1. Answer yes if at least one residue in segment A:7-25 is in contact with an Asp or Glu (Cβ under 9 Å, 6 or more places away or on another chain) and within 7 Å of chain B (Cβ to nearest Cβ), and no otherwise.
2. Quick one: what pairs do we get from segment A:60-80, first residue under 17 Å from residue A:227 (Cα atoms), second small (Gly, Ala, Ser) and in a helix (DSSP H, G or I), C-beta under 6 Å, 6+ apart or different chains?
3. Determine whether segment A:38-48 contains at least one residue that is basic (Lys, Arg) and more than 7 Å from every other protein chain (Cβ to nearest Cβ).
4. Which residue is surrounded by the fewest Cβ atoms within 10 Å (Cβ to Cβ), if the candidates are limited to segment A:1-56 and must be assigned to a helix (DSSP H, G or I) and polar (S, T, N, Q)?
5. What residue, among those in segment A:200-220 that are surrounded by fewer than 20 Cβ atoms within 10 Å (Cβ to Cβ) and within 16 Å of residue B:60 (Cα to Cα), is modelled with the lowest pLDDT?
6. Being in a helix (DSSP H, G or I) and farther than 23 Å from residue A:68 by Cβ is the filter here; which residues of segment A:144-173 pass it?
7. With the requirement that a residue be at pLDDT 80 or above, not in a loop (DSSP other than H, G, I, E, B) and not aliphatic (A, V, I, L, M), what does segment B:51-81 give you?
8. What is the residue count in segment B:16-47 for residues that are under 9 Å from the mean Cα position of the chain (by Cα) and more than 7 Å from every other protein chain (Cβ to nearest Cβ)?
Amino acid sequence: MMKKVLLLAAIALLAFALWPFVRDVGLAEPGELATAYLERGPAELGTANVVTSIVVSYRGFDTLGEVTVLFTATAGVGGLLARRKSGHGRKKAAERGATDASEILKTASRLLSPLLVLFGVYIFLHGHLTPGGGFQGGVIIATAVLIGLLADPEAGLAHGVMHLVEGLSGFAYVALGAVGLWFTGVQAGFLDPRFLPLGELGRLASAGAIPIIYSLVGLKVGAELTGILDAMKEDAE
Amino acid sequence: MSDVNIVTLIGVALLLVGFYGALSRPNVIKMIVGFAIADTGVNMIIVAVGYLPGRTAPILDSAADAANAARTMVDPIPQALVLTAIVIGLAVTALMLSFAVRMRRSGGGMAIDSYGEQKW
Amino acid sequence: MLDGRTTLDLVIGFLGLLMILAALWSVLSKRLLSSVLLSGAVSLLASLVFLALGAPDVAMTEAAIGSALTTMVFLYSLSRMKVEQDAHEDGGAS
C-alpha cells in the first residue's frame, strides 16, 4: 500500500515537472542557431538534407561519441551473453521441438536479403540528398541479416568479416575526420568534409566527403546491430 | 485547449506510462518494456520542441530552395539529436535485456523481487 | 470546414490516443508476448507522428528500429529465458 502511494506521488511529481513542456509556447521562428544551419548548411557543405549536414559535420563530434556508445553497448551485450564452452543445459533446436523453416520462407529470405542490403546501401549513399543516412541504412542492413537469421537460425554469421568491417569503418571514420582537420586550411575543424570538392547541389557526388563519412557510419552501425542480434539469438550449438 | 501542445502532451503521457510500468511491474521484461516506452516518449518531446506549425521537413528540393529555407522549414537540430538517440536506445535496451538473461541464467526468477537478497 | 492545421492536429491526436492506449495495455497486460508486441506498436505509431511533424529522418529510424529490431531483440531474449528455465528444471529433476 505504502509502495503504491509513493509510486503515484513520484509519477505526479514527474508530471508536474514536465508541465512546462506541455504548455504551447507558440514559437513562430526557429532559434538563431537553427536559422544559421538552415541558411548556411546547403551553401557551405552542399547538402540538400540539412539534418545530415548537422549529424555528419556540424555536430560530427557528437555522432562520433554516439557511435562509441553504440560500440560499448554492443561489447557489453556480447560479453554478458558469451557462449558457454560446455553444452551444459543446452539442447539443439530440433530436440526442443522447434520445427524447421519451410522451403518457401528460406527461398524468399535468400531472395530478399541481398535486395535489402542493396536498399540499405542506397539509403546511406543518398543520405545528403534524401531522408535517411548512415543510421537508417545500417539498421536496414541489420534487418536484412535478421531475415536470414529468422529463416535459418543454424546458419553461422561470418564473424571475422563483421569485425573487420566494424573496425575498418570506425578507423576510416576517425581518419577522414582528421584529414578534414589538416586539409581545409585556416578555418578547418575535425570532421570538416570540405577537403573534397563540394560539387553541384543535388548530385550524388557532391557535398565533399559527407557521403563517404555517412557510408562508413552506416557500415559500422549495420555491423554493430548485427552483432547485437547475433549475440541475443539463442545459440544453436 | 489552444495553449496545450498536443504532441508534447502525448510524449509526456508516454513517458509517465513507461515510468509507471518500470516502477510498478515486478517482471523484469515488463520493466524493460516500460523503459522502452518512456524512451519513445522522450524522443517525441524532443522532436515536438523543434516543430513549428505549418513548416516542412528540413530537406531542400525544387519546391523549397535555400534562399527561404529559414522561413519554411522546421528546426533540424532536435531531429539530428533524436536520430542518434533512437539507435542508442536500441543498444541500451539490448544491454538491459542481456542483463536480464544473465540474471535468469544464474538461477533467479522472472520477478525482480526474487533478487532482493543477492549481493553481487 | 477544417483547415490543414486543424486536420493535422486531429490526426496526431488520434494517433496519440492510440499510442497511449497501446502503451497502457502493454504495461498492464498479464502476458509478456502481448506486452512486447504492443510496445512495438507504440513505436510504429510514433513513427507516423514523427512523419507528421516534418521529421522523415527520425520517422525512418523509429520505424526500422522501434518496431522491427527492438521487438526482435525482446523476442529473442524471451525465448532465451525460456530455454534457461527448461535447463534449470531439467537440472533439478535429474
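The values are calculated or read from the model by the stated rules, or taken from the named source; none is laboratory data. On a predicted model such as this, the values are computed, not experimentally measured, just so you know. Note that each Cβ is placed from the backbone with ideal geometry, even for glycine, and that neighbours are counted across all protein chains shown.
1. So far as segment A:7-25 goes, yes, one or more of its residues are in contact with an Asp or Glu (Cβ under 9 Å, 6 or more places away or on another chain) and within 7 Å of chain B (Cβ to nearest Cβ).
2. A:70/B:91; A:73/B:91; A:74/A:227; A:77/A:231; A:77/B:94; A:77/B:98; A:78/A:231; A:80/B:98
3. Of segment A:38-48, the ones basic (Lys, Arg) are A:40.
Imposing the further condition that a residue be more than 7 Å from every other protein chain (Cβ to nearest Cβ) reduces the set to A:40.
The answer is yes, given that some residue of segment A:38-48 is basic (Lys, Arg) and more than 7 Å from every other protein chain (Cβ to nearest Cβ).
4. Our first condition is that a residue be assigned to a helix (DSSP H, G or I); within segment A:1-56, this holds for A:2-22, A:32-45, A:50-56.
If we keep only those that are polar (S, T, N, Q) as well, we get A:35, A:52-53.
Details: A:35: 16, A:52: 32, A:53: 28.
Once the filter is applied, the top-ranked residue is A:35.
5. Here is the first cut: in segment A:200-220, the residues surrounded by fewer than 20 Cβ atoms within 10 Å (Cβ to Cβ) are A:200-205, A:212.
Keeping just the survivors that are within 16 Å of residue B:60 (Cα to Cα) gives A:200-204.
On the way: A:200: 70, A:201: 70, A:202: 67, A:203: 71, A:204: 70.
Per the criteria, the residue is A:202.
6. Narrowing segment A:144-173 to residues in a helix (DSSP H, G or I): A:144-151, A:159-173.
Listed by number, the residues that qualify are A:144, A:146, A:147, A:148, A:149, A:150, A:151.
7. If the condition is that a residue be at pLDDT 80 or above, not in a loop (DSSP other than H, G, I, E, B) and not aliphatic (A, V, I, L, M), then B:76, B:78, B:79 are the ones that fit.
8. Qualifying residue count, segment B:16-47: 6.
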